[in-house]
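Working notes for the structure below.
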């Protein structure tokens, strides 16, 4: 799901990584890591705490580093604590996901100069099928009336919480299916807790930014 979030954020025309709102993609990346670990049955969440239920490696270097850190810090228990801790490593998560997609031949890396000084990075799609597949799954989950697979429920939840739905559906479609989106986003306990943690952290960061201004 970490790679799927990056694919949603890549503009298919420009190759630039986009964000519908400040920190939106960063929140999505962090949430995706925990969803991936939950899908791999390495962590579980109840109404209060997140815990490691299986510390064995998944084989994914990004997930295994996070899992090892969670195992080593049993005192850090709430989803909010871990979302906040991982938010400070958002650039690492993004970079690792981009490298994985480049290695799979889905993206390529381009770097140029703006005004001969500022580095501009782009990641054009080499193979657009994975991105279209992610978008199709997201649209189908929202526009149909069937209960999607757990992975797609989580994808709806993180896309809604982080402002990524607009890259797939029109404003009218999102508004018409608002009840459906809220239903799906609340089906999984970990989805609810991650969304709550993201909302709380976003509010804190916005308040801090307002004070600086």
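The values are calculated or read from the model by the stated rules, or taken from the named source; none is laboratory data. As the structure is a computational prediction, the values presented were derived from the model and not from experiment. Methodologically, a virtual Cβ is constructed for each residue, glycine included, from the backbone with ideal geometry; neighbour enumeration extends over all protein chains shown.
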Of the listed residues (184, 201, 169), the one being under 20 Å from residue 19 (Cα atoms) and crowded, with 19+ Cβ neighbours inside 10 Å is 169
Counting just the residues of the stretch 101-123 that are part of a loop (DSSP other than H, G, I, E, B) and at pLDDT 90 or above, which one comes out farthest from residue 14 (Cα to Cα)? 104
If I ask for residues that are part of a loop (DSSP other than H, G, I, E, B), in contact with a strand residue (DSSP E or B) (Cβ under 8 Å, 6 or more places away or on another chain) and without any contact (Cβ under 8 Å) to a residue 24 or more places away in the chain, which ones from the stretch 30-53 would you list? 53
Which residue is farthest from residue 12 (Cα to Cα), if the candidates are limited to the stretch 163-181 and must be touching a helix residue (DSSP H, G or I) at 6+ places or on another chain (Cβ under 7 Å) and part of a loop (DSSP other than H, G, I, E, B)? 177
The one condition in (1) free of Cβ contacts under 8 Å to residues at least 24 places away in the same chain; (2) in contact with a helix residue (DSSP H, G or I) (Cβ under 8 Å, 6 or more places away or on another chain); (3) under 20 Å from residue 8 (Cα atoms) that residue 94 fails to fulfil: (1)
By residue number, the members of the stretch 63-94 that are modelled with pLDDT of 90 or more and either part of a loop (DSSP other than H, G, I, E, B) or under 14 Å from the mean Cα position of the chain (by Cα) (or both) are 63
Scanning the stretch 1-17 for residues that are surrounded by fewer than 22 Cβ atoms within 10 Å (Cβ to Cβ), in contact with a strand residue (DSSP E or B) (Cβ under 8 Å, 6 or more places away or on another chain) and either without any contact (Cβ under 8 Å) to a residue 60 or more places away in the chain or not in a strand (DSSP E or B) (or both) gives 11, 12, 14, 15, 16
Can residue 58 be described as surrounded by 17 or more Cβ atoms within 10 Å (Cβ to Cβ) and either modelled with pLDDT of 90 or more or assigned to a loop (DSSP other than H, G, I, E, B) (or both)? yes
Residue in the stretch 143-162 that is part of a helix (DSSP H, G or I) and touching a strand residue (DSSP E or B) at 6+ places or on another chain (Cβ under 8 Å) present: no
Return the pair list, or none, for Cβ contacts closer than 6 Å from residues in the stretch 64-78 that are under 13 Å from residue 33 (Cβ atoms) to residues that are assigned to a helix (DSSP H, G or I) and modelled with pLDDT of 90 or more, at least 6 apart or on different chains. 66/33
